[in-house]
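Chemist: Starting off with a structure, shown below.
The values are calculated or read from the model by the stated rules, or taken from the named source; none is laboratory data. As the structure is a computational prediction, the values presented were derived from the model and not from experiment. Backbone-built Cβ (ideal geometry, glycine too); neighbour counts: all protein chains shown. For the accessible areas, the whole protein counts, side chains as well, though only heavy atoms, and no ligand, DNA or RNA atoms are used. Shrake-Rupley method; radii C 1.70, N 1.55, O 1.52, S 1.80 Å.
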Amino acid sequence: MSRTTEKFWHYNYRVGLLGLIVLILLLGCAPRATTKPDIEKDTSVRNIIHNIDVRENDSDVSVVISASQPLPYVALPNPLGMDIIFENTAFESFKEDVPVENELIKSIRCDLKEEARSARIKLNLGVPAKHEVLREGNDLIVKYEKPAVLYSAREEIEEIEEIEDAEAVSTEQKETKTEQVPDTVTTTKKIAWVNRVDFETQKEGKSRVIIETSEKVPYEIKRLDKKVVLVLCNTKMLQYQERPLITTRFKSAVDRISPVRMRDKKDTVLITVELREMVPYRVEQKENIYVLHFDPSMVPPRPLSAAQLPAWEEILQESATALVKREPEKKISPKEEAVVTETGQKYTGQKISLEFQDANIHNVFRILAEVSEQNFVIGEDVKGQVTLKLVNVPWDQVMDLVLQMNRLGIVLEGNIVRIAKLETLKKEKDALAAKIESEKKADPLFTEYIAIKYAKAADIKNRLDEIKSSRGTVTLDERTNMIIMRDIQTALNEATNIVNLLDIPTPQVLIEARIVEASSSFSRELGIQWGGAWSDHSGSLGGTVGVSGGVPGTDFLVNLPPAQAVTGGIGFGFDRLSGLTSITLNAKLLAMESQGEGKIISTPKIATLDNVTATIQQGDKVPYPKQSEDGISVEYADATLKLEVTPHISPDKKVSLVINVKKEAPDWQHTVQGAPSITTKEAQTELLVANGETVAIGGIIIGERSWSEQAVPWFSKIPILGWLFKSKLKSDGKTELLIFITPRIIELDDKEQVTNATNDIVS
């Protein structure tokens, strides 16, 4: 080979080797493709999301999700956005962040779970907004209405910019007034955050708006008609703080406070205060706190009705109330409100919206597992398709609906939810019961002698007959009050537990009744007796003539003595003789007064077991004659003091009582053929009383008042002298009956208490 040829091949070899190295480097440094599922090879993924677009018009903003087929979805809304889950779906070109340039929609993030074959799109909003989900062919559209706060913020920014431009041209602008930052405020590049936007009412209709930042920052005050705008420089604010504070219902000049971040100027926050009328105001700064003081307004408050409030403002009302009360802001959680159906079933799961058209039931359960954050185990026999469209429904209610429609059941084991056919679960339950029964048949038999201490062995035996196995026997020995049970060990253990629960001492109750009878009486009576005689012995009238009192049996002209026994009196006598004429006069003034009080206390006591009726009585049997065919016979009527009570002790140591208290006594002032009548006093009631508490169960009060007068007609009407011709009687009486009950629970374990109860009965 010639040298020229050798050089040629040597040169080509080096060039080729260099080219190979360059090719390897290029392949190694080439940008790798974004990780995404192999759609052509993965035949299980049937839905492909081609594009996500944001469209905006004057009234709303729409997020359009385009796919190859109609997408089944689950929507999880929240006050500041929404999570949308697509099952059995992938992205044609996966990007974690979708670029968005919109004031309402802050960001759109995508997530792909290849192992679960599901896609998730998360929409984040700047402020709360009302939304709806629509379909147009294969497109899924999430439409948000633009809140009014965006319009007001944009208008304020435009007005401020126009005013600033106008001020640069002319200083004669009267519609705009700007207060410069005080000299004491030092400009700094350090960024501050808005920590607090608050509203307070003061005396006489005055009010103030308080803004607090994390650092001291420069500020400006601008006035626009009925608006005062505080511009905070070098300041930022979180999204959830862009919520208006509505104050129309308060007595002040402030209607609304709207904190907004400026979109064109970074690190600038506008606090817009809308007034009912322009009133004098002043600004006060103390370090990082800015206070706007407003004078009172003559315009009265005008609270907005529910119909006037926009949908998004309904969410903000809680925040407004919380700010006014200086309480922490309450976060809205979809789990706070429970849903109760007509049947009383309560659902507390997170509310979701979802739509499926002939979707595989496994995909539905997979989404519910993701939402509930629980582990789902689905049986092999669970198959079928689901078609449904639900909006804002708790996930556990969706779970019940899907189970009912497909005749499925669940078994909960901790945080694991096992789903299977109802027939499968029933077969498993029957198989488990058969297994337990077969194990019982293989177990050996043992004999247990169970002594019953307090209860009746026959009553306990009835309970043991219910839990014994098919091979077991239960017998009773009445003499020793013992139960003999032969069975497997499991049944014997259960029988022992039942006996320990039922064979306990029955509580006892001591019941004391007090029957108090009190009476009082008063009577007063005044009477008079007077009379006289006159006789003439001169004969001038043709013999002897005389006049004397004509009341039969007496020589009194007026005889009106007291009806009761006389306790006091005074008599006057006058006798005069004049010649043959004699005059005799007698007068007696009589008086009687009586007063009395009486009290009778009857105290029957009795002790009894819980739920056992007890009776105690004491008294006489009164004989009375009875006419019969054989003649007159004697029968007896009861005149006794009787207490009958049935107590029941509740678990909280209160005593329920069924009481009958009766007192009968002979009335010897009213007799029939020598036999007295029977007076009866009785109370029958049911009540609940605390242990040891005394309660009055009844009472009767009878009052009597009488007045009478006896007089001689006509003469008793003569003024002053009329009292010589009349007598008076006045009486007043009252009778009271009160019945008291005091129950006391007797604990057998407490010897001191038993002794005290015994002493109470003896005393």
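Chemist: Roughly what would the spin-label model give for residue 731 and residue 617, points 7 Å off Cα along C-beta, in nm?
Modeler: If labels sit at residue 731 and residue 617, their model points lie 3.3 nm apart.
Chemist: Now, a different point. Say each of residue 69 and residue 653 gets a label point 7 Å from the Cα, pointing the same way as Cα to Cβ; how far apart are those two points in nm?
Modeler: Label at residue 69, label at residue 653, 7.1 nm between them.
Chemist: Considering only protein heavy atoms, what per residue accessible area in square angstrom results for the stretch 400-461 with a 1.4 angstrom probe?
Modeler: 70 Å²
Chemist: Packing-wise, with mean Cβ within 10 Å as the measure, how do 678-686, 206-214 rank, highest first?
Modeler: 206-214, 678-686
Chemist: If you don't mind, another one. Classify the stretch 582-661: rounded, prolate or oblate, from the alpha-carbon gyration tensor (a ≥ b ≥ c, eigenvalue square roots; a/c under 1.5 rounded; otherwise prolate if a/b is larger than b/c)?
Modeler: Judged from the Cα gyration tensor, the stretch 582-661 comes out oblate (a/c at least 1.5, b/c at or above a/b).
Chemist: Run through the stretch 371-449 and list the GluC sites (Glu not before Pro) located in a DSSP loop whose Cβ has at most 16 other Cβ atoms within 10 Å.
Modeler: The qualifying sites are 373, 380.
Chemist: Output the peptides 519-529, 290-300, 712-722 sorted from most to least packed, where packing is the average of other Cβ atoms within 10 Å over each peptide's residues.
Modeler: 519-529, 290-300, 712-722
Chemist: Ignoring ligands, DNA and RNA, what percent of the accessible area of the stretch 389-543 is carbon or sulfur (1.4 Å)?
Modeler: 54 percent
Chemist: Something else now. Whose amide H sits under 5 Å from the amide H of residue 607, counting only residues 5 or more places off or on another chain, with H placed in the peptide plane?
Modeler: Distant-sequence amide H within range of residue 607: 511.
Chemist: To continue, here is another question. Are there any GluC sites (Glu not before Pro) in the stretch 48-129 that are in a DSSP loop and have at most 14 other Cβ atoms within 10 Å? List them by number.
Modeler: Passing both the DSSP loop test and the Cβ count: 92, 96, 101, 114, 115.
Chemist: Right, something else. Please identify the chymotrypsin sites (Phe, Trp or Tyr not before Pro) of the stretch 433-484 that satisfy two criteria: DSSP loop assignment and at most 16 other Cβ atoms within 10 Å. Which are they?
Modeler: Sites meeting the loop and neighbour criteria: 454.
Chemist: In nm, what is the difference between 0.36 nm times the number of residues separating residue 428 and residue 92 and their Cα-Cα distance?
Modeler: Here the segment from residue 428 to residue 92 would lengthen by 116.5 nm.
Chemist: Which residues' amide hydrogens lie under 5 Å from the amide hydrogen of residue 476, considering only partners 5 or more residues apart or on another chain, with H built in the peptide plane?
Modeler: Amide H to amide H, under 5 Å and 5 or more residues apart or across chains, residue 476 pairs with 484.
Chemist: Moving to a separate point now. Quick one: which of 281-289, 655-663 comes out on top by average Cβ neighbours within 10 Å, and what's the full order, highest first?
Modeler: Packing proxy ranking, top to bottom: 655-663, 281-289.
Chemist: Which of the listed residues, 432, 412, 386, is farthest toward the dipole's positive end in the stretch 385-449, when Lys, Arg count +1 and Asp, Glu count -1 at the beta-carbon?
Modeler: Highest projection toward the positive end goes to 386.
Chemist: Measuring with a 1.4 Å probe in the full set of protein chains, what accessible area per residue, in whole Å², belongs to the stretch 186-299?
Modeler: Computed with neighbouring chains in place, this is 45 Å² per residue.
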